[in-house]
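Participant: Before I ask anything, here is the structure I am working with.
The values are calculated or read from the model by the stated rules, or taken from the named source; none is laboratory data. Small disclaimer: the values here were computed from a predicted structure and weren't measured. FYI the Cβ positions are ideal-geometry reconstructions off the backbone, even for glycines, and counts take in every protein chain you see.
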């Protein structure tokens, strides 16, 4: 694909958040106060993370969403500009910009509380106004579900493929599941979607096949240190990930999706796209924060050609 054309290859319809991040030795218990490090304000939101992830890997990306008319909104729009993401379809809402309160413990695991803010106002009308010709649509669930569904419908009307990241986990109508060319949940999200316990490869396959019965075409389950599992009507294949030193798992799943999406645009095989996504997700865990951790193509290529062998990653 020619990523240097003026027309964006990828449209991301989703959330933009200001991540308020504090490192702490552990997560506090109910009613407990503990001391953490200095507060960091970092651009985030699953939609914006995936947009920046794909842009850093060479894709032309456009982002549709909403931010508030506040300092956080200014910060997020400027960050997209710096990462060469087209923010023309983003509107300024008369509400606060979305925020995420994130605690990162000593092992790099995170705990997150979202405040939707302007993300909750992304509407069907926004999608209808802004949707033009794109090759790939990336969707998540941090904006209203009717808007997500409408975006998927518009994508199909325009012959674009749809990547759906069902996060955070919600009940989904079968219509949306069937509109997605690729559904990419983690184990927790897959378990919620299917009401099945997902704890290993066999249970992940069983739950993924449940989504196939509901109309899914390809289910790709991110499995942390076990890589990812591809399930469709033709195959069930586990793809190994890369082993790295984990600092912070925030945005690892978004990095995976950005890498997967760019590989799909390059007409890579499904297995190749998943393997590249695994490398992107692994690298994202080696740096602190959401978007600051998202790798460049040069960094991913280096990991793939010289894989290290230390700690496991978690997507």
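Participant: Quick one: in the range 55-68, which of the residues that are within 25 Å of residue 146 (Cα to Cα) and in contact with a helix residue (DSSP H, G or I) (Cβ under 6 Å, 6 or more places away or on another chain) is surrounded by the fewest Cβ atoms within 10 Å (Cβ to Cβ)? Full working, then the answer.
Facilitator: First pass over the range 55-68, keeping only residues within 25 Å of residue 146 (Cα to Cα): 61-68.
Keeping just the survivors that are in contact with a helix residue (DSSP H, G or I) (Cβ under 6 Å, 6 or more places away or on another chain) gives 61, 63-68.
Numbers: 61: 31, 63: 30, 64: 26, 65: 31, 66: 25, 67: 30, 68: 23.
Among those residues, the one meeting the criterion is 68.
Participant: So, residue 268, is that one assigned to a loop (DSSP other than H, G, I, E, B), under 22 Å from residue 46 (Cβ atoms) and either touching a residue at least 12 places away in the same chain (Cβ under 8 Å) or in contact with a helix residue (DSSP H, G or I) (Cβ under 8 Å, 6 or more places away or on another chain) (or both) or not?
Facilitator: no
Participant: Is it the case that residue 90 is crowded, with 18+ Cβ neighbours inside 10 Å, in contact with a helix residue (DSSP H, G or I) (Cβ under 7 Å, 6 or more places away or on another chain) and closer than 22 Å to residue 193 by Cβ?
Facilitator: Judged against the criteria, residue 90 is not a match.
Participant: Within the range 93-122, take every residue that is touching a helix residue (DSSP H, G or I) at 6+ places or on another chain (Cβ under 6 Å) and in a loop (DSSP other than H, G, I, E, B) and give me the one that is surrounded by the most Cβ atoms within 10 Å (Cβ to Cβ).
Facilitator: Within the range 93-122, the match that is surrounded by the most Cβ atoms within 10 Å (Cβ to Cβ) is 122.
Participant: Can you pull out every residue in the range 170-189 that is at pLDDT 95 or above and in a loop (DSSP other than H, G, I, E, B)?
Facilitator: 172, 173, 180, 181, 184, 185 - these are the residues of the range 170-189 that are at pLDDT 95 or above and in a loop (DSSP other than H, G, I, E, B).
Participant: Suppose we filter 202, 228 for residues that are farther than 28 Å from residue 150 by Cα and out of contact with any strand residue (DSSP E or B) (no Cβ under 6 Å at 6 or more places or on another chain); which single one remains?
Facilitator: When all the criteria are applied, what remains is 202.
Participant: Does residue 38 meet the test of being under 20 Å from the mean Cα position of the chain (by Cα) and at pLDDT below 95?
Facilitator: Details: under 20 Å from the mean Cα position of the chain (by Cα): no; at pLDDT below 95: yes.
So residue 38 fails the test.
Participant: Take residue 253 and decide whether it is surrounded by 24 or more Cβ atoms within 10 Å (Cβ to Cβ), closer than 21 Å to residue 141 by Cα, touching a helix residue (DSSP H, G or I) at 6+ places or on another chain (Cβ under 7 Å) and modelled with pLDDT of 85 or more.
Facilitator: yes
Participant: Could you run through the range 271-282 and say how many residues are out of contact with any helix residue (DSSP H, G or I) (no Cβ under 6 Å at 6 or more places or on another chain), over 19 Å from residue 108 (Cβ atoms) and either crowded, with 16+ Cβ neighbours inside 10 Å or modelled with pLDDT under 90 (or both)?
Facilitator: 2
Participant: Sort out which residues of the range 25-49 are under 13 Å from residue 103 (Cβ atoms) and part of a loop (DSSP other than H, G, I, E, B), and write them in order of number.
Facilitator: Correct list: 25, 26, 27, 28, 29, 32, 33, 34, 35, 36, 37, 39.
Participant: Just one of 137, 141 is surrounded by 15 or more Cβ atoms within 10 Å (Cβ to Cβ) and assigned to a loop (DSSP other than H, G, I, E, B); which is it?
Facilitator: Residue meeting the stated conditions: 141.
Participant: Of all residues in the range 149-169, how many are crowded, with 20+ Cβ neighbours inside 10 Å, out of contact with any helix residue (DSSP H, G or I) (no Cβ under 7 Å at 6 or more places or on another chain) and assigned to a helix (DSSP H, G or I)?
Facilitator: Result for the range 149-169: 1.
Participant: Any residue at all in the range 235-247 that's out of contact with any strand residue (DSSP E or B) (no Cβ under 7 Å at 6 or more places or on another chain), surrounded by 18 or more Cβ atoms within 10 Å (Cβ to Cβ) and assigned to a helix (DSSP H, G or I)?
Facilitator: Within the range 235-247 (the criterion being out of contact with any strand residue (DSSP E or B) (no Cβ under 7 Å at 6 or more places or on another chain), surrounded by 18 or more Cβ atoms within 10 Å (Cβ to Cβ) and assigned to a helix (DSSP H, G or I)), the answer is no, since none of the residues qualifies.
Participant: Has the range 208-226 got at least one residue that is crowded, with 24+ Cβ neighbours inside 10 Å, in contact (Cβ under 8 Å) with a residue 12 or more places away in the chain, farther than 24 Å from residue 56 by Cα and more than 19 Å from the chain's Cα centre (by Cα)?
Facilitator: yes
Participant: Working carefully through the options 296, 309, 285, find the one that is modelled with pLDDT under 95, under 30 Å from residue 81 (Cβ atoms) and surrounded by fewer than 21 Cβ atoms within 10 Å (Cβ to Cβ).
Facilitator: 296 is the lone residue from the list that is modelled with pLDDT under 95, under 30 Å from residue 81 (Cβ atoms) and surrounded by fewer than 21 Cβ atoms within 10 Å (Cβ to Cβ).
Participant: Here's something else I'd like to know. Output the number of residues of the range 68-90 satisfying the condition of being without any contact (Cβ under 8 Å) to a residue 24 or more places away in the chain and assigned to a strand (DSSP E or B). Please lay out each step first, then the result.
Facilitator: Initially, the range 68-90 is screened for residues without any contact (Cβ under 8 Å) to a residue 24 or more places away in the chain, giving 71, 74, 77-78, 81-82.
From the residues that got through so far, the ones that are assigned to a strand (DSSP E or B) too are none.
Adding up the residues that qualify gives 0.
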